[in-house]
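The values are calculated or read from the model by the stated rules, or taken from the named source; none is laboratory data. Note that this is a predicted model, so its numbers are computed, not measured. Here the Cβ is made from the backbone with ideal geometry for all residues, glycine too, and neighbour counts use every protein chain on show.
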Amino acid sequence: MTSPEDSKPARAGLFGDWRLFVPKSVTVLAQEGYSFAKLRADALAGLTVSIVAVPLAMAIAIASGVTPAQGLITAVVAGFLISALGGSRFQIGGPTGAFIVVVYGVVHQYGYDGLALATMMAGAILIVAGLMRVGAWIKYIPEPVVTGFTAGIAVIIFSSQIRDLFGLDMAEAPADFIEKMAAFWAVRDTVSLPTIAIALGALGAILLVTRFAPRLPGMLIAVAGATLAVSLFNLPVETIGSRFGESAATVLLELRFPQVTFERLQQLLPSALTIAFLAGVESLLSAMVADGMTGRRHRSNCEIVAQGVANIAAPLFGGISATGAIARTATNIRAGAQTPLAGIFHALFVLVFMLALGPLIAQIPLASLAAVLAVVAWNMSERERFRQLLLGPAGDRVVLVATFLLTVLVDLTVAIEVGVVLGAIVFMHRMAESTAIEHGVSLIERDQDDFSRPNRENYEARAELPRNVEMFELHGPLFFGAASRLNDALDAAFPPPRAFVLRFRDVPLADASGASALERFIKRCAGHGVEIVFCEMRPSVRATLAKLGLLEHVQATETYDEAVTLAAIAAETEGGPRG
């Protein structure tokens, strides 16, 4: 039996356990080896993801104010490094929609050279943050802040595609949202019917493939079909080649260094901090999604360091800002990836496509890429989550709406700053109102992964529990970050029990972020066939969880004894013990 001391990562100076910074690609290959079957699975997964990544990378690059080739370069360079050096087994890196707003703003004001320097600064910030073990803190950004600025970014992404969706005749759209809408309205007479037809056709193809053949690359099929239609019927529709030149998709991986001065460093620091924040948050969200889909554990600080290296390297070859991409990572998992080499294969396949298909890429109509980004914006809009938060506590609603409006109407950096500060104020207000909060509870946890398994003796009353039933008692407020301990509880109880009892008697309050973490735990348990029973919830906590729809998926009782009885019945119903 492992002792409590053995279950803790050993401390080794300022940066803690050095093993937490060893890339997953190294430990996976060292511990598990690599067979031809794994090679085949990784290669097929990498090919599948690359097919999805090519149109996305180009569309995101164009919306960001740079050339399609720069988006593809980012997918190659950053995608390779994030998979090779990162702390997630399945992470796929590259340009993402979250960066469009800030990248476009920097390019518009300082040019690509300014973007390259800001991205490299962000990379340096991420490396320092990872080495200082800040990765475990980034996870605790309040859920309303993340949802608010993600939904706001989705609105801005869609608005930036109106020009190409309708074929409006204008030199350049303003960066400001209000001014942009006014500029579009001013040129409404230049709407192009062929462009609208291509955009609607591409959008319809994506939706149909997603609905009836989800395993097929709907975005690539839509873009290829639109390109074929424009070529066959010689439609007067703007293409990548007509706007950016025939060599726009030609890739030249050559080193280039941005101009560095103290004044430029000062000017670009706010943008660099925003890029670093977005890269850190989105990469860890993506890694958490991968963990939830596979039952694996990522190393957050190793992942942050890898993101930093990738964001320093990509601009040196002409790329833009990069992070972990949730949709591409999920595609990688569903395609059967086994190790981080799948992400490396993805980057190599994108490179092959760029070198072999450059002339064809130039014929792609911009309206079809605008349709791709319209779908991306819809998928990242967090519609259901936004609606749930609007039904939640008043403080969460204020943070959500403020972050959303500031993202759309003012500035992403301001939105994040104000959202985090408001979230902290709301939390402090709740803490002040709550009573009987247990002292001495650590709300910030160590960065652990599968090097060690938490000690099973840490659970209370195990000897009294029925067979195949586990119990976990929550202490302190269920707020952003604190609820992540639930996943540790499930890992410690592996193989998973038939039923899990959660005691809430020492939880004085819950917010939307804590409820979101709890919801992820519930879904993970459902994936393992584990029944969950809540008990001893205070009225305020029960009301919050009920508003957010969590109590629809679990059983809840007033007393602990009732919960254990229900759990025992569920365990017996499910059958014998797990092996």
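From 134, 77, 128, which residue is of a type in the set (Val, Ile, Thr) and buried (at least 24 other Cβ atoms within 10 Å of the Cβ)?
Step by step, each of 134, 77, 128 is checked, and only 77 is of a type in the set (Val, Ile, Thr) and buried (at least 24 other Cβ atoms within 10 Å of the Cβ).
Go through segment 27-67 residue by residue and tally those that are surrounded by fewer than 24 Cβ atoms within 10 Å (Cβ to Cβ) and either out of contact with any helix residue (DSSP H, G or I) (no Cβ under 9 Å at 6 or more places or on another chain) or outside any helix (DSSP H, G or I) (or both).
11
Just checking, does segment 491-507 include any residue being touching a strand residue (DSSP E or B) at 6+ places or on another chain (Cβ under 7 Å) and either among the small types (Gly, Ala, Ser) or at pLDDT below 55 (or both)?
Yes, some residue in segment 491-507 is touching a strand residue (DSSP E or B) at 6+ places or on another chain (Cβ under 7 Å) and either among the small types (Gly, Ala, Ser) or at pLDDT below 55 (or both).
Within the set of pairs 6+ apart or on separate chains, which have a first residue in segment 108-119 that is within 12 Å of residue 264 (Cα to Cα) and in the same structural domain as residue 312 (by TED's automatic domain parsing), a second that is buried (at least 24 other Cβ atoms within 10 Å of the Cβ) and of a type in the set (Val, Ile, Thr), and C-beta atoms under 8 Å apart?
Pairs found: 114/106; 115/103; 115/106; 115/320; 118/106; 118/275.
With the requirement that a residue be assigned to a helix (DSSP H, G or I) and within 21 Å of residue 302 (Cβ to Cβ), what does segment 76-97 give you?
If the condition is that a residue be assigned to a helix (DSSP H, G or I) and within 21 Å of residue 302 (Cβ to Cβ), then 77, 78, 79, 80, 81, 82, 83, 84, 85 are the ones that fit.
So in segment 211-231, with the set limited to residues that are over 14 Å from residue 368 (Cβ atoms) and not small (Gly, Ala, Ser), which one is surrounded by the most Cβ atoms within 10 Å (Cβ to Cβ)?
If we take residues in segment 211-231 being over 14 Å from residue 368 (Cβ atoms) and not small (Gly, Ala, Ser), then 216 is surrounded by the most Cβ atoms within 10 Å (Cβ to Cβ).
Go through (1) farther than 25 Å from residue 429 by Cα; (2) surrounded by fewer than 19 Cβ atoms within 10 Å (Cβ to Cβ) and name the single condition residue 539 misses.
(1)
Residues being over 16 Å from the mean Cα position of the chain (by Cα), among the aliphatic types (A, V, I, L, M) and farther than 26 Å from residue 39 by Cβ: count how many of those fall in segment 291-347.
5
Here is a check on your reading of the model: is residue 546 over 24 Å from residue 291 (Cβ atoms), free of Cβ contacts under 8 Å to residues at least 40 places away in the same chain, small (Gly, Ala, Ser) and surrounded by fewer than 23 Cβ atoms within 10 Å (Cβ to Cβ)?
Yes; evaluated as a whole, the condition is true for this residue.
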